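Report on the structure given below.
Every number here is computed from the coordinates shown, using simple stated rules; none is lab data. Note that the structure is a prediction, hence the values are computed from the model and not measured. Cβ placement follows ideal geometry from the backbone for every residue including glycine, while neighbour counts extend to all protein chains displayed.
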Amino acid sequence: MRARPEKGFTLVELCIVLVLLSILLRLGLPAVQSMVTRARAAQAIGDLNVIREAAVAYHAANGTWPAEAGVATIPPGLAPYLPKGYSFTRNQYELDWQNWALPTGLPSNPQRLVLLGVSVVTTDAELGQAVLKLIAGSSPTRTGANQYTMVLVASTDPL
């Protein structure tokens, strides 16, 4: 009489599969995390562009720029120019409208009395660097401890 082979896997086979899976996971996880960070940075750049367009529309309608507002706060009067339900609070970052009055103008151009920008505020340095890399070639930038700012306009309009 022949012995029936047992069904199932041996402990050694299971251990080998688990080791292989852990190696694959360890190799693939950083790449996935990097892709998520780059996607989040691209979303932040999209948000900066939405806010820029809304600010330009606000300026065209009112003849002034939106007033300074705190982090994660939509400037007064800007909400009607933003998409419905738009928020300055996102996953992993917040947005901050910057409106700097320059009483003597820019050093290189004294007629520029206002400097406008939008900041991505995040404690995730990797996200901040990804945002900075995306905006560095398209517009002037400014960085702080956890703020990455895209300068939008240097205007001759006083506040």
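Within a 10 angstrom radius of the beta carbon, how do Lys84, Lys133 rank from fewest other beta carbons to most? It would help to have the intermediate numbers written out before the result.
Details: Lys84 6, Lys133 12.
Fewest-to-most ranking of Lys84, Lys133: Lys84, Lys133.
Taking 0.36 nm per residue of separation and subtracting the Cα-Cα distance, what length does fully extending Leu21 through Glu53 add?
Details: separation 32, 0.36 × 32 = 11.52 nm, distance 4.72 nm.
Result for the pair: 6.8 nm of gain on full extension.
So for Thr143, Thr122, Thr10, fewest C-beta neighbours within 10 Å to most, what's the order?
Values: Thr143 14, Thr122 21, Thr10 9.
Fewest to most other Cβ atoms nearby, the residues stand as Thr10, Thr143, Thr122.
So how do Met35, Met150 line up by other beta-carbon neighbours within 10 Å, fewest first?
Ascending Cβ contact count within 10 Å gives the list Met35, Met150.
At R0 = 22 Å, how high is the FRET efficiency between Tyr86 and Leu29 if r is their beta carbon distance? Nearest 0.05 is fine. List each step's numbers first, then the result.
Working: r = 33 Å, r/R0 = 1.49.
Given R0 = 22 Å and the Cβ-Cβ separation, E is 0.10.
So what are the three principal axis dimensions of the stretch 11-155 from its Cα atoms, in whole Å, longest to shortest?
76, 36, 22
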